[in-house]
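J.: One structure, pasted below without further comment.
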Amino acid sequence: MSGEFLTIGAFARGSRLSPKALRLYDELDLLRPARVDPDTGYRYYAAGQLGQARLVAWLRRLGMPLAEIRAVCALDAAGAARAVRAYWARVEAETAARRDLAAFLVHQLTGTTGRETLTMLELRHHAHSDRGQVRPANQDTVYAGRRLLAVADGFGPAGAPASSAAVAALRYLDDAEELAAGGVLHLLEDAVRSAGEAVGVLAGGGDEVGTTLTALLWTGAELALAHIGDSRAYLLRDGELSRITRDHRVSVESLLLVKALGGGDAPVPDLRLQEAREGDRFLLCSDGLTEVLPDPRIAALLASVAEPERAVRLLVEEANAAGGPDNVSCVVADVVGTGLMG
């Protein structure tokens, strides 16, 4: 036998796959041998097949079904990486859901107390965007859905389409199944990258057109944040307001951004996980609000009313009463308990 081929035993040792598994993968057309002896039916493999075989072995250890492994193996390296990332995010989401159910069952079966429960949380929110008192058009875009909250502040001659395109690139996340914290930041980062590409098409490679983007994605227990530009996200907890984003400006006084979506660059957004507790209130807003209202006043308005819709209305009204020099957009979201499991 030529030295360029490996016996099935040698290939099994090199790939960390058993001969039985290799025979199965041959039958499934997942990993075909380089040569089969026509008389004995013995399988031989090329050394160059070890890379794919090891990938198959790793994916099987990950628990990926064979049908999905076949699809991954047909992709280039970048596409395979995206597919593995998406698969693992789904696994983590399913594991998180089973974890909560397991905790509930343990409480039920052990009977440690008659009222052991799990509190289920969700977001209740309202969003509004206003042209303001001075600008001839509104270049902001806001969105509040089942999972996704977003504010984008466009600039330049195509600022409105830019902000709209950025938010549209994220909206598919709103329809995602249960999301787990371990993978959600990767999904959000990929979505922001797609948003940047969409805005870049509108910008035509120049820097006259672009948009900020601040988004929160709800996992069911936490919020994943993606942020670029000088729109902001705040958290009101126990009466205290804290800003959870930083402005990407040249200086505190300057309105010139060092980071924005659009143009020829592909800036990396700020990404983080934000703990959520029942009773928390989150605010996403464009700088049309924060340029005219100081943080203490924003905190007072947020704390003054119970309903997110009323809070948004008060913020926009006060920004306009202060001159409304820019478009002003707000999303207010409350973390609320939906009931007890148990």
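J.: Within the stretch 201-214, can one find any residue that is in contact (Cβ under 8 Å) with a residue 12 or more places away in the chain, under 20 Å from LEU123 (Cβ atoms) and buried (at least 19 other Cβ atoms within 10 Å of the Cβ)?
T.: yes
Listed here are the residues, each with its yes/no results for (1) at pLDDT 85 or above; (2) over 30 Å from LEU284 (Cα atoms); (3) crowded, with 18+ Cβ neighbours inside 10 Å.
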{"site": "ALA77", "(1), (2), (3)": "yes, yes, no"}
{"site": "ARG85", "(1), (2), (3)": "yes, no, no"}
{"site": "ALA93", "(1), (2), (3)": "no, no, yes"}
{"site": "ALA103", "(1), (2), (3)": "no, yes, no"}
{"site": "THR110", "(1), (2), (3)": "no, yes, no"}
{"site": "THR113", "(1), (2), (3)": "no, yes, no"}
{"site": "GLU116", "(1), (2), (3)": "no, yes, no"}
{"site": "ARG135", "(1), (2), (3)": "yes, no, no"}
{"site": "ARG146", "(1), (2), (3)": "yes, no, no"}
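J.: Is it the case that LEU31 is open to solvent by less than 60 Å² (accessible area, probe 1.4 Å), closer than 23 Å to TYR87 by Cα and under 42 Å from the mean Cα position of the chain (by Cα)? Working first, answer last.
T.: Details: open to solvent by less than 60 Å² (accessible area, probe 1.4 Å): yes; closer than 23 Å to TYR87 by Cα: yes; under 42 Å from the mean Cα position of the chain (by Cα): yes.
The answer is yes for LEU31.
Let's see how each residue does on (1) surrounded by 13 or more Cβ atoms within 10 Å (Cβ to Cβ); (2) in contact with a Gly (Cβ under 9 Å, 6 or more places away or on another chain); (3) part of a helix (DSSP H, G or I):
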site	(1), (2), (3)
TYR44	yes, no, no
GLN52	yes, no, yes
ARG61	no, no, yes
ARG82	yes, no, yes
ARG90	yes, yes, yes
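J.: Say whether the condition of being open to solvent by less than 60 Å² (accessible area, probe 1.4 Å) and touching a Lys or Arg at 6+ places or on another chain (Cβ under 7 Å) is met by at least one residue in the stretch 313-321.
T.: Kept after step one, since they are open to solvent by less than 60 Å² (accessible area, probe 1.4 Å), are these residues of the stretch 313-321: 314-316, 318-320.
Narrowing further to those that are touching a Lys or Arg at 6+ places or on another chain (Cβ under 7 Å): none.
There is no residue in the stretch 313-321 that is open to solvent by less than 60 Å² (accessible area, probe 1.4 Å) and touching a Lys or Arg at 6+ places or on another chain (Cβ under 7 Å).
Residue-wise test of (1) open to solvent by 20 Å² or more (accessible area, probe 1.4 Å); (2) in a helix (DSSP H, G or I); (3) within 25 Å of ALA221 (Cβ to Cβ); (4) at pLDDT 90 or above.
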residue: LEU170; (1), (2), (3), (4): no, yes, yes, yes
residue: GLY183; (1), (2), (3), (4): no, yes, yes, no
residue: LEU188; (1), (2), (3), (4): no, yes, yes, yes
residue: ALA191; (1), (2), (3), (4): no, yes, yes, yes
residue: ALA198; (1), (2), (3), (4): yes, yes, no, yes
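J.: Let me ask you something else. Would you mind stating whether ALA176 is at pLDDT below 90, under 14 Å from the mean Cα position of the chain (by Cα) and either open to solvent by 30 Å² or more (accessible area, probe 1.4 Å) or of a type in the set (A, V, I, L, M, F, W, C) (or both)?
T.: Numbers: at pLDDT below 90: yes; under 14 Å from the mean Cα position of the chain (by Cα): yes; either open to solvent by 30 Å² or more (accessible area, probe 1.4 Å) or of a type in the set (A, V, I, L, M, F, W, C) (or both): yes.
Considered against the rule, which asks whether it is at pLDDT below 90, under 14 Å from the mean Cα position of the chain (by Cα) and either open to solvent by 30 Å² or more (accessible area, probe 1.4 Å) or of a type in the set (A, V, I, L, M, F, W, C) (or both), ALA176 comes out as yes.
J.: Among the residues of the stretch 232-272, count how many are among the aliphatic types (A, V, I, L, M) and either at pLDDT 90 or above or open to solvent by less than 40 Å² (accessible area, probe 1.4 Å) (or both).
T.: Taking the stretch 232-272 and keeping what is among the aliphatic types (A, V, I, L, M), we get 233, 235-236, 241, 244, 250, 252, 255-258, 260-261, 266, 268, 271.
With the extra rule that they be either at pLDDT 90 or above or open to solvent by less than 40 Å² (accessible area, probe 1.4 Å) (or both), the set shrinks to 233, 235-236, 241, 244, 260-261, 271.
Final tally of qualifying residues: 8.
The values are calculated or read from the model by the stated rules, or taken from the named source; none is laboratory data. Owing to the predicted nature of the structure, the values given are computational and were not obtained by experimental measurement. Please note: Cβ atoms are built from the backbone with ideal geometry, for glycine as well, and neighbour counts cover all protein chains shown. SASA here: full protein model, heavy atoms, side chains in, ligands and nucleic acids out. Shrake-Rupley method; radii C 1.70, N 1.55, O 1.52, S 1.80 Å.
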